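What follows is a single structure, written as structure tokens, with notes after it.
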Amino acid sequence: VRGLTKRIGQQEILRGIDLTVPKGETLVIIGRSGGGKSVLLKHLIGLMQPDAGEIWIEGENIIGLSERKLAAIRKKVGILFQSGALFDSMTVEENIAFPLREAGERDSDVIREKVNEMLEVMEMEGQQEKMPVNLSGGMKKRVGLARSIIRRPSCILYDEPTSGLDPVVSDSINQLIRRLQERFHVTSVVVTHDMKSAFHIADHIAYLHEGRIYFYGTSEELHASP
């Protein structure tokens, strides 16, 4: 991300953001509510267009790309929304399989096998037929995460993955984020308020405040910083 700026109405949300996320690393973006974290995340997959700046993904600047070209980039990126954002009318299995069906996969055996693998990764075996209304907050996040990684993206974006969860469930989600990085070598960008999470999962931490990055470094460097 290079020199990213975004104004919404009279408000300057992003004021020249520079960030690099190395392949296979987890970058955690911290900062108070309204500081521009989620807006930055939306720029990373082209859901919002900046006023100025560049975003390079695997050697390609995505700013100004057509929707068709963006679709190819988005295949490489999974996203976990804050609430999990499951489809209420679909079972767990149908929710997780949704990206595969959208991509044109019609073989029900292939779909079932991939869904079962994702549920095993999420430690949710046997939950295929449950409806979202019958899931706890933590389980909804896991299903949302399974759906976002079923097509094996090279990068995952997490928007407040532990918000609204109790400490025990938050810990299990953090361990899952770590495990996904190790198992699939994904690059992760995590937006969070939760400092315990940040220290647990981050390779690097960026502090976004009033539209600027005020700190970028490792957990140890953040601990040592005044």
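The values are calculated or read from the model by the stated rules, or taken from the named source; none is laboratory data. This structure is a prediction, so every number in the text was calculated from the model and none was measured. We place every Cβ from the backbone using ideal geometry, glycine too, and count neighbours over all the protein chains shown. Ligands, DNA and RNA are excluded from the accessible area calculation, which covers all protein heavy atoms including side chains. Shrake-Rupley method; radii C 1.70, N 1.55, O 1.52, S 1.80 Å.
Restriction of the GluC sites (Glu not before Pro) in the stretch 14-58 to DSSP coil positions whose beta-carbon has at most 14 other beta-carbons within 10 angstrom yields GLU58. Remind me, relative contact order of the stretch 70-138 in percent, using alpha carbon pairs under 8 angstrom and six or more residues apart? Relative contact order comes out at 43 percent. For the stretch 141-191, the Kirkwood hydrodynamic radius from C-alpha pairs, put into Stokes-Einstein at 37 °C and a viscosity of 0.692 mPa s, yields a diffusion coefficient of 294 µm² per second. Using only Cα coordinates, the Kirkwood hydrodynamic radius of the stretch 2-93 works out to 14.9 Å. Under the simplified labelling scheme, the ILE8-TYR214 pair shows an inter-label distance of 2.1 nm, with each label point 7 Å from Cα along Cα→Cβ. From helices alone, the chain scores -11500 deg cm²/dmol at 222 nm; the rule is -39500 (n - 2.57) for each run of n ≥ 4 DSSP H residues, then divide by the residue total. Overall, the ratio between the Cα radius of gyration of the stretch 139-226 and 2.2 N^0.38 Å, rounded to two decimals, is 1.12. Maximal additional length on extending the ASN134-GLU25 stretch stands at 35.8 nm, based on 0.36 nm per residue less the C-alpha distance.
With 20 Å as the limit on Cα-Cα distance, the pairs of LYS42/LYS75; LYS37/LYS140; LYS130/LYS196; LYS23/LYS140; LYS42/LYS69; LYS141/LYS196 that go past it are LYS37/LYS140; LYS130/LYS196; LYS23/LYS140. Once the chain from PHE184 to LYS76 is taken as fully extended at 0.36 nm per residue, the excess over their C-alpha distance is 37.6 nm. Distance between the 7 Å Cα→Cβ label points at ASP88 and SER163: 2.0 nm. When only alpha carbons are used to place a centre, the stretch 49-109 and the stretch 138-159 end up 11 Å from one another.
Could you state, as a whole-number percent, how many of the C-alpha pairs of the stretch 1-43 are farther apart than 14 Å?
Of all Cα-Cα pairs in the stretch 1-43, 52 percent lie more than 14 Å apart.
What does the charge add up to near LYS37, with Lys and Arg as +1, Asp and Glu as -1, over the other residues with Cβ less than 12 Å from its Cβ? Display every interim value, and only then the final one.
Working: positive: ARG32, LYS42; negative: ASP159, GLU160, GLU210.
That works out to -1.
In whole angstrom, the stretch 67-134 maps to an equivalent ellipsoid with semi-axes of 22, 16, 12, each derived as √(5λ) from the alpha carbon gyration tensor and ordered largest first. The reciprocal of the average 1/r between distinct C-alpha atoms defines the Kirkwood hydrodynamic radius, which for the stretch 90-204 equals 14.6 Å. Computed from backbone phi with θ = phi - 60° and the Karplus coefficients 6.51, -1.76 and 1.60, the 3J(HN,Hα) list for the stretch 12-24 is 8, 7, 10, 10, x, 8, 10, 8, 10, 10, x, 4, x Hz; x is used for glycine and proline.
Taking the convex hull of the alpha carbon positions in the chain and averaging its projected area over all directions gives 12.9 nm².
Ordered from largest to smallest accessible area (heavy atoms of protein chains, 1.4 Å probe), the residues VAL133, VAL1, VAL190 come out as VAL133, VAL1, VAL190. Mean separation of Cα pairs under 8 Å and 6 or more residues apart, divided by the residue count, gives the chain a relative contact order of 30 percent.
In debye to the nearest 20, how big a dipole does the chain give about its Cα centre with +1 on each Lys and Arg Cβ and -1 on each Asp and Glu Cβ?
Dipole of the chain, to the nearest 20 debye: 540 debye.
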